[in-house]
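Worksheet: one structure, shown below.
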Amino acid sequence: MGWRFFFEENVKINALRRRILKGDKSMAKAAKQEDRKIIRIFDTTLRDGEQAPGNSMNMEEKLRIAKHLHKLNVDVIEAGFPIASEGDFDAVKKIAQTIKGPEIAGLCRSSEKDIDRAWEALKYAGEKGRIHTFIATSDIHMKYKLQMEPAKVLASAVKAVKRAASYTANIEFSCEDAVRTRLPFLAEVVEAVIAAGATTVNIPDTVGYTIPFEYFNIIKYLKDNVPNIDKAIISVHCHNDLGLSVANSIAAIQAGAGQVECTINGIGERAGNCSLEEFVMILKTRKDILPFATNVVTEQLTPASRLLTAITGIAVQPNKSIVGANAFAHEAGIHQHGMLMEKTTYEIMTPESVGLLASALVLGKHSGRHAFKKRLEELGYELNDDKLNRAFDRFKDLADLKKEVFDEDLDAIVSDEAREEDHFKLDHVTVTCGSFAVATATVQMQINGITARTAELGDGPVDSTFKAIKKLTKSKSKLTQYNVGSITGGTDAQGEVTVRVSEGNHSVVGKGSSTDIIVASAKAYIHALNRLNNKQKRLTDAV
């Protein structure tokens, strides 16, 4: 039944496409109807996305992302896992108190303690607060991870939803590893949790195992075999282990799912999650054959991507769909010729539709503070007056050095300024080195407002600079990662350095940028040490 339905639906879609291409105006009009099914966007950048190595964010950074998700107009923001840590709890609470518009969700296991803690943070969102509880339902998870019999898992799921229902009517339940769950048992669990009060049921591909055809059939099976399925929204949460998360999400909504869980830039555990920007733009670009839409403001996609990159230090690959540096770049002669004649020859969407300016030159040395501030706001940044003034001064200095100032340059400037309290500040660094000279770095810093200076020898200019900084700050941390990249093209481009430092159980990322790569390295290292110092201070204060 499922296979035949899937085949017949695709036959209909292909027939519709052929008729539109042949110029059948009546069919084209039908394909553009405004009564498209609205697919709810559940963004889990701040929960699943943040769980991936290297993506951890502090509360201020999470709040900045949440504010931009509000600009994107997503339907649900999953702000974190409240019981996981005090930091996660505080972040969920702060977002619930601050963000008005989207629903705010908090994840919790199917235990009373988890659910109570989640609501303690979410209650500030009122009816917009969503308790998202889950338990694994596949045989492999029940046997090896939970060590529970199916009957006990079912009972725990129902009990969890009823506990959540004592706080709110906005409840989502997830069957972890649903795609590897026996379908009759999956249907039994879904029916039971809906009866207990779940208003959204999530059927996740937790390990990125399924393929579109199979996933379509799973959703279709539930639609056909769960009597009360119409009383809840079916949600899907796809991981990208086989590179099919977006394709699987599309198949799921074709089968009847009404909510898709995704992340900015597709970040998340292992290979990541369904990419928000890719899923949304597929629906917008292929509205000729997909009768779906979202409420997302697509012009905010590129700013959201850049903001996340600036905060986490995890760069987007150049050939990434929608938001990659090469997504709207054309170098081949035949492509350039086609673009000059008609842009739609090689572009299936406009750069403007995803928030990317068509012009490469954004600002120059003659630009004023108002234009500078407005462009930062367009890129998704909100700076207080002090940070804005410092960022503007850096912009003017950079504009004197460079012929062109790009959005990526502004991202780098702001990421240097929009930071936590700095205990360590760089005054200047001077390095001497060469083929027949031992590298020597002289570094002057402000340590809690007190000027300190030292010089160190090293195996190259970066090593000597880092040794001097480490000596001045008396840090016991270990440098575990050092990456250098060019923000834009040309010999006058800013260099961007990303470092990772670790001490004990703590690991943080630092970023720095400058037209001088040694200065960029020093800034990145000091940024990381400041973040490490702030993290340790927060933990000490909590105790």
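The values are calculated or read from the model by the stated rules, or taken from the named source; none is laboratory data. Since we're looking at a predicted model, the values are computed, not measured. Backbone-built Cβ (ideal geometry, glycine too); neighbour counts: all protein chains shown.
What the table shows:
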{"quantity": "Residue among Val509, Val484 that is within 17 Å of Asn534 (Cβ to Cβ) and either touching a Ser or Thr at 6+ places or on another chain (Cβ under 8 Å) or crowded, with 20+ Cβ neighbours inside 10 Å (or both)", "calculated": "Val509"}
{"quantity": "Hits in the stretch 161-190 (condition: closer than 15 Å to Ile234 by Cβ and touching a helix residue (DSSP H, G or I) at 6+ places or on another chain (Cβ under 8 Å))", "calculated": "Ile171, Phe173, Cys175, Ala178, Val179, Thr181, Leu183, Leu186, Ala187, Val189, Val190"}
{"quantity": "Qualifying positions in the stretch 512-531 - under 23 Å from the mean Cα position of the chain (by Cα) and modelled with pLDDT of 85 or more", "calculated": "Gly512, Ser513, Ala524, His527, Ala528"}
{"quantity": "Any hit, the stretch 439-461, residues being free of Cβ contacts under 8 Å to residues at least 60 places away in the same chain and basic (Lys, Arg)", "calculated": "yes"}
{"quantity": "Matching residues in the stretch 385-434 - criterion: being assigned to a loop (DSSP other than H, G, I, E, B) and at pLDDT 85 or above", "calculated": "His423"}
{"quantity": "Residues of the stretch 169-227 satisfying the condition of being crowded, with 21+ Cβ neighbours inside 10 Å and hydroxyl-bearing (Ser, Thr, Tyr)", "calculated": "Ser174, Thr181, Thr200, Thr206, Thr210, Tyr215"}
{"quantity": "Every residue from the stretch 458-477 that is within 21 Å of Asp422 (Cβ to Cβ) and surrounded by fewer than 15 Cβ atoms within 10 Å (Cβ to Cβ)", "calculated": "Lys471, Lys474, Lys476"}
{"quantity": "Residue pairs meeting the criteria (Cβ under 8 Å; at least 6 apart or on separate chains; first under 17 Å from Val236 (Cα atoms), in the stretch 262-289; second aromatic (Phe, Trp, Tyr))", "calculated": "Cys262/Phe42; Cys262/Phe279; Leu283/Phe292"}
{"quantity": "Qualifying residue in the stretch 28-41 (condition: surrounded by fewer than 20 Cβ atoms within 10 Å (Cβ to Cβ), at pLDDT 85 or above and touching an Asp or Glu at 6+ places or on another chain (Cβ under 6 Å))", "calculated": "yes"}
{"quantity": "Of all residues making up the stretch 88-115, the number that are in a helix (DSSP H, G or I) and touching a residue at least 40 places away in the same chain (Cβ under 8 Å)", "calculated": "4"}
{"quantity": "Residue in the stretch 49-57 that is surrounded by fewer than 17 Cβ atoms within 10 Å (Cβ to Cβ), hydrophobic (A, V, I, L, M, F, W, C) and out of contact with any helix residue (DSSP H, G or I) (no Cβ under 7 Å at 6 or more places or on another chain) present", "calculated": "no"}
{"quantity": "Positions within the stretch 445-470 being in contact with a helix residue (DSSP H, G or I) (Cβ under 9 Å, 6 or more places away or on another chain) and either outside the structural domain of Val508 (by TED's automatic domain parsing) or part of a strand (DSSP E or B) (or both), in sequence order", "calculated": "Met445, Ile447, Ala452, Arg453, Thr454, Ala455, Glu456, Leu457, Gly458"}
{"quantity": "Some residue of the stretch 90-98 being over 27 Å from Leu308 (Cα atoms) and either modelled with pLDDT under 95 or of a type in the set (Val, Ile, Thr) (or both)", "calculated": "no"}
{"quantity": "Condition met for Ala160 (part of a helix (DSSP H, G or I) and within 25 Å of the chain's Cα centre (by Cα))", "calculated": "no"}
{"quantity": "Residue count for the stretch 208-223, restricted to those that are free of Cβ contacts under 8 Å to residues at least 40 places away in the same chain and either within 20 Å of His239 (Cα to Cα) or in contact with a strand residue (DSSP E or B) (Cβ under 6 Å, 6 or more places away or on another chain) (or both)", "calculated": "6"}
{"quantity": "Index of the failed condition, Phe372 passing every other in (1) surrounded by 15 or more Cβ atoms within 10 Å (Cβ to Cβ); (2) at pLDDT below 70; (3) in a helix (DSSP H, G or I)", "calculated": "(2)"}
{"quantity": "Matching residues in the stretch 116-155 - criterion: being surrounded by fewer than 16 Cβ atoms within 10 Å (Cβ to Cβ), hydroxyl-bearing (Ser, Thr, Tyr) and touching a strand residue (DSSP E or B) at 6+ places or on another chain (Cβ under 7 Å)", "calculated": "none"}
{"quantity": "Residues of the stretch 76-87 classified as surrounded by fewer than 24 Cβ atoms within 10 Å (Cβ to Cβ) and either at pLDDT 95 or above or outside any loop (DSSP other than H, G, I, E, B) (or both), total", "calculated": "3"}
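Yes or no, residue by residue, for (1) under 28 Å from the mean Cα position of the chain (by Cα); (2) at pLDDT 85 or above:
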{"residue": "Gly460", "(1), (2)": "no, yes"}
{"residue": "Asp463", "(1), (2)": "no, yes"}
{"residue": "Ser475", "(1), (2)": "no, yes"}
{"residue": "Leu479", "(1), (2)": "yes, yes"}
{"residue": "Thr498", "(1), (2)": "yes, yes"}
{"residue": "Asn505", "(1), (2)": "yes, no"}
